[in-house]
Amino acid sequence: MGLKAVIIVLCWYIANIGTLVLNKFLLPTFRFPIFLTMLHMASCFMFSLVLVPGCGLVPFRKLPVKLVAFKISGLALTFTSSVVLGNASLQFLALSYNQMIGATTPVFTAFFALLIQQKIESLFTYLTLIPIVCGIMLSTRGELEFVFIGAVVCVLSTALRALKSVLQGVLLSSSEDKIDSMNLLLYMAPIACVALLPVSLVQEPTAWQSLMEQCSASNP
């Protein structure tokens, strides 16, 4: 692995942990996980607009309607569901335990890769997953703040995150579709926003009002 790859992975870890910490900080006073996820997707879309068509970080691609309507929309809904459930689980679980459950992502990834791609890993790879599962079981037994519904939601979020990774890998490696990760995010983020907006309006009707009130309180 080259230095560039190491830096990219490190930045991804920092961004991922930073997002989780911020969500955990926000959700006790701003209990709207769907709305929060929608803002997350809107931010991704705006940054993608700046970096792709704006700065030309990668060439902008006009994709076929069929590809966007089916494959990218399905990926967007999978990713969005994962983030919503992950945010919701933070209302019940400690951040450390949430991260421990998230560590089982490779287990689900191996399962979905076998199911969807018929990809069989080496025996050594499967054996390395056993300590992960055992560690989570032991952590669950000793978790003082364990909440069953929170754990179930977090496991579902982790499974969907793994499914998204497999589906995204299939899409990015397809010689037929020929799409890069930046263009994929550019198309995926607005679809996620549109899908989340009506759900947020129905399930969290006071989210906008609460956001305005908190913004006003922080800027007297």
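The values are calculated or read from the model by the stated rules, or taken from the named source; none is laboratory data. The structure presented is a predicted model; accordingly, all values stated were derived computationally and were not measured. A quick note on method: Cβ atoms are made from the backbone with ideal geometry, for glycine too, and the neighbour counts reach across all protein chains shown. For the accessible areas, the whole protein counts, side chains as well, though only heavy atoms, and no ligand, DNA or RNA atoms are used. Shrake-Rupley method; radii C 1.70, N 1.55, O 1.52, S 1.80 Å.
Inside the range 175-188, residues that are over 13 Å from Leu75 (Cβ atoms) and not in a helix (DSSP H, G or I) make up a count of 4.
Considering the range 73-93, and only residues there that are outside any helix (DSSP H, G or I) and either of a type outside the set (S, T, N, Q) or modelled with pLDDT of 85 or more (or both), the residue that is nearest to Leu185 (Cα to Cα) turns out to be Leu90. Counted as qualifying within the range 94-174 are the helices (runs of 4 or more DSSP H) with 3 or more residues that are of a type in the set (Gly, Ala, Ser), farther than 24 Å from Ile72 by Cβ and modelled with pLDDT under 85, namely 123-142.
Can you tell me which residue in the range 1-22 is most open to solvent (accessible area, probe 1.4 Å), limited to those that are among the aliphatic types (A, V, I, L, M) and within 30 Å of Leu201 (Cα to Cα)? So the residue we want is Leu22. For the range 23-49, residues that are open to solvent by less than 20 Å² (accessible area, probe 1.4 Å), in a helix (DSSP H, G or I) and of a type in the set (Phe, Trp, Tyr) total 1.
In the set (1) in contact (Cβ under 8 Å) with a residue 24 or more places away in the chain; (2) open to solvent by 50 Å² or more (accessible area, probe 1.4 Å), the condition left unmet by Ile179 is number (2). The lone criterion from (1) open to solvent by 40 Å² or more (accessible area, probe 1.4 Å); (2) of a type in the set (S, T, N, Q); (3) closer than 18 Å to Ser89 by Cβ left unmet by Ser157 is number (1). The set of residues in the range 50-72 that are open to solvent by 50 Å² or more (accessible area, probe 1.4 Å) and part of a helix (DSSP H, G or I) comprises Val50, Leu51, Pro53, Gly54, Val65, Lys66, Ala69, Phe70, Lys71. Of the residues making up the range 156-181, those that are touching a Phe, Trp or Tyr at 6+ places or on another chain (Cβ under 7 Å) and among the small types (Gly, Ala, Ser) number 2. Taking the range 44-84 as the range and being over 22 Å from Pro205 (Cβ atoms), under 16 Å from the mean Cα position of the chain (by Cα) and among the small types (Gly, Ala, Ser) as the test, the residues that pass are Ser73, Gly74, Ala76, Ser82.
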